[in-house]
Amino acid sequence: MNILELISLKAYYGNKQVLHGIDMVIRKNAITAVIGPSGCGKSTLLLTLNRMLEECGGRAEGEIIFDGKDFFAYPKEEVRKRIGIVFQKPTPFPLSIYRNLTYAPIYYGVRDKKRLKQIVESKLKVAGLYEEVQSDLHQSALQLSGGQQQRLCIARALTVEPEILLLDEPCSALDIKNTANIEQMLLRLARDYTIVIVTHNLAQAKRISDYTAFLLDGELVEYDETAKIFSRPEDQRTREYIEGIYG
Amino acid sequence: MYRVFDRVFTQLVKILTICSLLTLVFVIIFIFKESVVFFKAVPVLRFISGRSWNPLLAADNLSILNIILGTLYVSLVAIVLALPIGVGSALLLAGYVKGQLRVVIRGIIDVLAGIPSVVYGFIGLLVLVKFFETTLGLSSGESVLAGGILLAVMVLPYIISTCHESMEKIYREHAPSSQALGVSRSYLLRKIILPESRRSILAATVLALGRAMGETMAVMMVIGNAPIPPRLFGKCQTIPSLIALEMGMAEVGSLHYHALFASGLVLMLMLLVINLILYFLKKNILLQ
Amino acid sequence: MKKVRDNFLFRMWLMLSALIVLALVGFIIGYIVLNGMKSISLDFLLSHPKGIPLGAEGGILPAIVGSLLLTLIACASASVLALATAVYVSFYCQSRQLETVVHVIVQCMAGVPSIVVGLFGYTFLVAKLNLGRSLLSAGLTLGVMIFPFIEVRAEKSLREFNRAILQSSYALGVSKVYTLLKLVLPQCKADIVAAVTLAGGFAMGAAAPIILTGAVIFAPIPRSLSSPVMALPFHLYILTGEGISLEKAYATALVLMVLIFAINIVSIALTFRRKEVGR
Ligand SMILES: Nc1ncnc2c1ncn2[C@@H]1O[C@H](COP(=O)(O)OP(=O)(O)OP(=O)(O)O)[C@@H](O)[C@H]1O
Ligand SMILES: [Mg+2]
């Protein structure tokens, strides 16, 4: 089933066009990987899907169908609640770990202390951070290591129970073990969530994703099942990229 | 949950912002308008080029050249005195003083900035003016020089902190490579830091000049307040002290009253011109 | 040889200027403290001015209270407006032009000398609005004077807040207001309070704006916003200007300076705490 359908989606920063009409569908409860060389517009694509593009000084054109309805007709708060995003660089709030995770639930009206605690613990467990931080949930999140911070941000994005989770190179700051942890986590999450992940790590895309999109200079060159893209790409450019020509 | 509160808060912020902007614009326009009334009676040129100020006589006698000159004279004396001391201290702070001690010294300098101008005036009157009278044997210690010295002390902290900030930055940039060459610290300060920070020195000068020209109480207490052509050891009058002294006597709406507003406007325009000059100087220095 | 001499002169210059600055600070503070200590007493702090001319004897209680009230009114009126403006410009304002306009207006106001602000207060608040020479007129005039100071500092602090963190908050679907109140303000609180207290120090020490708008030679402790007040800087000015009593003047100056330093120390302490917590 398709949860998102992009129809001729364009994105601009000022006069500069970054996405040149993307047509693609995102399937529910699957992991979709977006790959492509640096600067091709992967992050911009994710920002568009979370309505954060305008906050970053850009603007989108075209059509998106989200859950059967016009994406741009939803209030943007609702879109952002239902489609979570984790940025490339970890951005823990300058609060304690606990308050990082209760920040959004409290906003959405959860007041019960027990319920909040439960959310915090379950999301930390999902993100594989619970073991490491359970002894002191009230320490500042800024004191965590880069990898821990990134997992905290993933946990935080999950606290609002999004349907889709967008991840922008979540593993670029992590070591092999942490990366493996996150990949495990994503595979588990894929049962309940739809995941779109931008990655420079082709092996990673191959390992975890069901579908892979190859983006080049703001155009969707090829989009298919991961197995097919990596074994029998149709487009010459995709093949070159996968073989390591663009880097 | 937060929807209603959000909306109220946002609206409140907007309304308050509009209120403050309107207030500020109103204040500025008000000052402008009250002054312009005067220029209908006395032409601008006449006002700033005439030398007599006597509110008891006819409108022709309301002109402020002497007072403008007094304002400039006192402020310039202050700058000339304060600049070398301020720049020297800033250099010393940037190059030789480190860590805790620097924080303490900056704190002490901030203390200078926090002393109210009346207290400066008070000390000026009791120490400076008295010194001029008893030790130097002047008939009256109240003088341009007394005002200038006092103002110099008052603007010192502004000069030091403005200069110090950029000097410290430049020092941090150049110190490693210069130390690698084995050059002495004072040579580095003299040959690189000082010339490189000319822009901030200029900025500090203009800032200090603005402060000095707008200062009221301290100056008023030590310059004697006579609207005569200023001499270094003679009395003079500045625009702020003129306003402070005579506003109480001027009837609201009278020509005298409008003349005071007009002199306030002249003061503000002078400050504006100085700031513009600084702006262009900065630009030119950047281009070089 | 010449090089050595230049270097020597250069160093002398630096040493001398620093010595002069330190000597000045020492002298000013020592002068006021030593002279003020002699005539300060509990009675001086807690009684009303007496004697002929008024102020030659007695104390300065009404002036202390008056100064505190004036500072309070100035800070309250200016900080509400200045904070709202700072928040609007840094969080809500979408257009660059509007932002520039706001900055130009605030800078213009910052350039208005305090006596001219007083002139405005006198004409508009005292005369046109008929508020009379009163606590309210003088407090509001001081408020206008310190508005730009608070606005500039508060805006700077708000803008320094990490943009990526802001965006992460918006990305959760959380509103600007919630982000502001729960994330940004707790971080910037210390800076903002420091700005307000520092501005309070300015307001408390300023005599020029209140000469015409509310300060009087003698008044009891104000009962209402419309009563005239005594204020420390103005009282000091009168005591010296009219040559009423040198001793009382020293003591008044000391009290004024101590109050302002107390305020400044609070502000510095806040700034420091922020730096320690910050990174
Ligand atoms: N805020 C912005 N303003 C203007 N141009 C931008 C902005 N952000 C990105 N761009 C431009 O848009 C293009 C696409 O950027 P984007 O961040 O989407 O690339 P990316 O594929 O995520 O690259 P990377 O793999 O390096 O993260 C780039 O050419 C970039 O210069
Ligand atoms: Mg990117």
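Selection over the stretch A:222-247 of residues that are without any contact (Cβ under 8 Å) to a residue 60 or more places away in the chain and outside any loop (DSSP other than H, G, I, E, B) gives a count of 14.
Against the definition (within 12 Å of chain B (Cβ to nearest Cβ) and either over 21 Å from B:Met220 (Cβ atoms) or surrounded by fewer than 24 Cβ atoms within 10 Å (Cβ to Cβ) (or both)), how does C:Ala262 come out, yes or no?
Answer is yes for this residue.
Taken over the stretch A:48-68, the residue count meeting the criterion of being in contact with an Asp or Glu (Cβ under 8 Å, 6 or more places away or on another chain) and within 9 Å of ligand 1 (Cβ to nearest atom) is 0. Hey, can you tell me all the residues within the stretch A:152-167 that are within 16 Å of ligand 2 (Cβ to nearest atom) and within 11 Å of chain C (Cβ to nearest Cβ)? A:Cys153, A:Leu166 - these are the residues of the stretch A:152-167 that are within 16 Å of ligand 2 (Cβ to nearest atom) and within 11 Å of chain C (Cβ to nearest Cβ). All conditions but one from (1) open to solvent by less than 40 Å² (accessible area, probe 1.4 Å); (2) assigned to a strand (DSSP E or B); (3) away from ligand 2 (no atom under 16 Å from the Cβ) apply to A:Val79; the one that does not is (2).
Going by the conditions given, is C:Leu81 surrounded by fewer than 20 Cβ atoms within 10 Å (Cβ to Cβ) and in a helix (DSSP H, G or I)? So C:Leu81 fails the test.
Every test in (1) modelled with pLDDT of 90 or more; (2) within 16 Å of ligand 2 (Cβ to nearest atom); (3) open to solvent by 10 Å² or more (accessible area, probe 1.4 Å); (4) not in a loop (DSSP other than H, G, I, E, B) is passed by A:Pro37 save one, and that test is (4). Among the criteria (1) more than 7 Å from every other protein chain (Cβ to nearest Cβ); (2) more than 16 Å from C:Val25 (Cβ to Cβ); (3) assigned to a helix (DSSP H, G or I); (4) more than 15 Å from the chain's Cα centre (by Cα), the one B:Phe122 does not fulfil is (1).
Looking at A:Ile65, A:Ile22, just one residue is on the phi < 0 side of the Ramachandran plot and open to solvent by less than 40 Å² (accessible area, probe 1.4 Å), and that residue is A:Ile22. Within the stretch A:196-232, the set of residues being hydroxyl-bearing (Ser, Thr, Tyr) and either within 14 Å of another protein chain (Cβ to nearest Cβ) or more than 16 Å from ligand 2 (Cβ to nearest atom) (or both) comprises A:Ser209, A:Tyr211, A:Thr212, A:Tyr223, A:Thr226, A:Ser231. Among the residues of the stretch B:250-257, are any in a loop (DSSP other than H, G, I, E, B), away from chain C (no Cβ under 11 Å) and surrounded by fewer than 21 Cβ atoms within 10 Å (Cβ to Cβ)? Checked the stretch B:250-257: at least one residue is in a loop (DSSP other than H, G, I, E, B), away from chain C (no Cβ under 11 Å) and surrounded by fewer than 21 Cβ atoms within 10 Å (Cβ to Cβ). Restricted to the stretch A:168-192, and to residues there that are within 16 Å of ligand 2 (Cβ to nearest atom) and in contact (Cβ under 8 Å) with a residue 60 or more places away in the chain, the residue that is nearest to the chain's Cα centre (by Cα) is A:Asp168. Yes or no: the stretch A:90-97 includes at least one residue that is within 16 Å of ligand 2 (Cβ to nearest atom) and either modelled with pLDDT under 90 or not hydrophobic (A, V, I, L, M, F, W, C) (or both). Yes, the conditions are met somewhere in the stretch A:90-97.
Condition check: away from chain C (no Cβ under 12 Å), at pLDDT below 95 and in contact with a His (Cβ under 9 Å, 6 or more places away or on another chain). Does A:Ser172 satisfy that?
So A:Ser172 fits the description; yes.
Candidates in the stretch A:143-178 are the residues that are β-branched (Val, Ile, Thr) and farther than 15 Å from A:Lys89 by Cα; of these, the one that is nearest to ligand 1 (Cβ to nearest atom) is A:Ile164.
Quick one: how many residues across the stretch B:40-79 are more than 26 Å from the chain's Cα centre (by Cα) and either at pLDDT below 85 or hydrophobic (A, V, I, L, M, F, W, C) (or both)? Qualifying residue count for the region: 10. Quick check on C:Arg153: is it among the basic types (Lys, Arg), within 13 Å of chain B (Cβ to nearest Cβ) and either in a helix (DSSP H, G or I) or open to solvent by 10 Å² or more (accessible area, probe 1.4 Å) (or both)? Answer is no for this residue.
The values are calculated or read from the model by the stated rules, or taken from the named source; none is laboratory data. Just so it is clear, the model here is predicted, and its values are computed rather than measured. Counting neighbours? That spans all protein chains shown, and the Cβs are built from the backbone with ideal geometry, glycine included. Just the protein is used for accessible areas: all its heavy atoms, side chains included, with ligands, DNA and RNA removed. Shrake-Rupley method; radii C 1.70, N 1.55, O 1.52, S 1.80 Å.
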